1. What distance in nm lies between label points placed 7 Å from Cα along the C-beta direction at residue 251 and residue 370?
2. Which value in Å is the Kirkwood Rh of the stretch 130-373 over different Cα pairs?
3. If you average 1/r over all unlike Cα pairs in the stretch 295-374 and invert the result, what Kirkwood radius do you get in angstrom?
4. Rounded to the nearest 0.05, what FRET efficiency do residue 275 and residue 213 have when you use their Cβ-Cβ distance and R0 = 22 Å?
5. Between residue 166 and residue 143, what FRET efficiency comes out of the Förster formula 1/(1 + (r/R0)^6) with R0 = 41 Å and r the beta carbon distance, rounded to 0.05?
6. Stretched out fully, how many nm does the piece from residue 121 to residue 361 gain, at 0.36 nm a residue minus the Cα gap?
7. Just to verify a number: FRET efficiency for residue 151 and residue 323, C-beta to C-beta distance, R0 = 22 Å, to 0.05?
8. For residue 180 and residue 334 in one chain, what is 0.36 nm times their gap in residues minus the Cα-Cα distance, to one decimal in nm?
């Protein structure tokens, strides 16, 4: 405020110097108060050690012995300086985690990448299976299952028929397998061409409705082949979905071949249907193994030699062949040199064979065991 003109007169004539000292002291006091207040308002300079204080503040040990509940509801993640202590790391620089599969490789748009090929495990310890959908898998060859020891450099082909030679002699047996699809067959002409045996279909179970149908040419094929002097074995096309159905199929086969001269095995043929779904598609490997065993055991009990037919995928992945130590196997693999590693007695090497006495294609087989002599 502005001082009155009569101030000195009205205060009893105080010397002017005392008034000046009083005003100066008052101004100095006000300045000290202002400086003190502004100092408290300056931002603090936090250190890294303050992070620990913030994190542990809610759980400091009490001094009075009373229970103290931590006030944690008033803090949120963003209140903690620890989130900013370290710079973000680019995840693309991380080493890939080994999960047993090939990691995905990230490449900048300016660089072209070539996918790594499937590793070749053709080392004698693995065998490759190609599934119906075209996918492939390398399978470890088991040491607990008997291997075959065939040397396919000993194969000799003549007129579409294969022989297995040793020391210049043929030690194999040529054969075919037939059903109603070959219709009328001249077995005498077939015998003249060096065919030793024939596997004849007894019947089949429908892959949709499950009904059993006898092959309409079975009786004729069986009798004609035996009359022509061929060794004969039989097979049944199964679509059994349980043990009971498999035993039913075996009993039908046994009734059909009763009192017939069967010198080759009685085979169980279960397989997937091409280009369609079938009633066995949902069966597990164990279920198919049990069903196969039910058929095989019935045939063995009746005194015949049981055999299991299948392609490489079926024998390696769809049934457990290790369970069949006394059964024979019939491999279907349309290849120059089959790579199925385990023991088999018959190899069906083509489904497109040609032979005089049959109109159209026929399955061709080679047998490495002299069943007729057994």
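A short reminder: the numbers here are calculations on the coordinates, not readings from a lab. None of the values given here were measured: they were computed from a predicted structure. Using ideal geometry, Cβ is built from the backbone for each residue, glycine included, and neighbour counts are taken over all protein chains shown.
1. 3.9
2. It is 18.5 Å.
3. The Cα-based Kirkwood calculation yields 14.0 Å.
4. The pair residue 275/residue 213 has a calculated efficiency of 0.60.
5. 0.95
6. Using 0.36 nm per residue and subtracting the Cα-Cα distance, I get 82.9 nm.
7. 0.20
8. Contour length minus Cα-Cα distance gives 53.3 nm.
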